[in-house]
Amino acid sequence: MAGPVIERGIERGLFASRWLMAPFYMGLVLALVALLITFVKELIHLFAHIEGLDASDVILAALALIDLSLAGNLLLIVIFSGYESFVSKINIEGHEDQFEWKGKVDFAAMKLKLIASIVAISGIHLLKVFMEIGKYTSRETGETEIMWMVIIHVVFVVSGVMLAVMDRVVYGPKGKK
């Protein structure tokens, strides 16, 4: 008799422990605020110096802003899908701005969105490096740094492709199990 009562108590405690993740997601919201502040600072810096910038400088600044916005998107994906998957459903039914994917992003979809965002951020960073190639090739270790950046980017791309292939093998072409 005591066994099932203890078991139910343990299971309720384990289930309630999911709320320990909520502060992590709130911390990610604060990280999103930090990204926003950085984005605004970059934007102000861009417009404060716009007169002295050439086209490549403006492109580099725009890439930095895109990089920050992709990082923000990445945080939002983790915050919303992680909270909904592991803590609690977000009750915003009927809200005009409700996300179409709300409640539909499972762990497999979340990891693919994450790796796609990481690949995009890495690609933008590489593009910025290639646009400033002179800064790297003029230093003794510059070419080695570029080589490692390319290798790391390729690892991200290959990892993303492998995750997608594994999901397709496990769940089939429609993503259903």
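Values quoted throughout were computed directly from the atomic coordinates according to the rules given, and no laboratory measurement underlies them. Given the structure is predicted, the values throughout are model-derived calculations rather than measurements. All Cβ positions, even for glycine, are placed from backbone atoms using ideal geometry, and neighbour counts span all protein chains on display.
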Problem - Given charges at beta-carbon only (K, R positive; D, E negative), |dipole| of the chain in Debye - result: 920 debye
Handout entry: If the convex hull is drawn through the Cα atoms of region 106-177, its volume per residue in Å³
Key = 71 Å³
Problem - Cα-centred dipole magnitude for region 106-177, charges only on beta-carbon of K, R (+1) and D, E (-1), debye, nearest 20 - result: 520 debye
Completion exercise
Most exposed first, judged by fewest Cβ atoms within 10 angstrom, MET162, MET131, MET110 run MET162, MET131, MET110
Problem - Relative frequency of Cα-Cα separations exceeding 21 Å in region 1-102, percent - result: 57 percent
Practice task
Find the centroid of the Cα atoms in region 108-128 and in region 134-177, then give the distance between the two in whole Å.
Solution key: 9 Å
Exercise for the section: Pull up the cross-link candidates among the aspartates and glutamates for LYS41, meaning alpha carbon to alpha carbon under 19 Å and not fewer than 8 places away within one chain. Expected result: GLU51, ASP57, ASP67
Problem - Answer label for percent of Cα pairs over 19 Å apart (calculated), chosen among (1) 72; (2) 56; (3) 68 - result: (1)
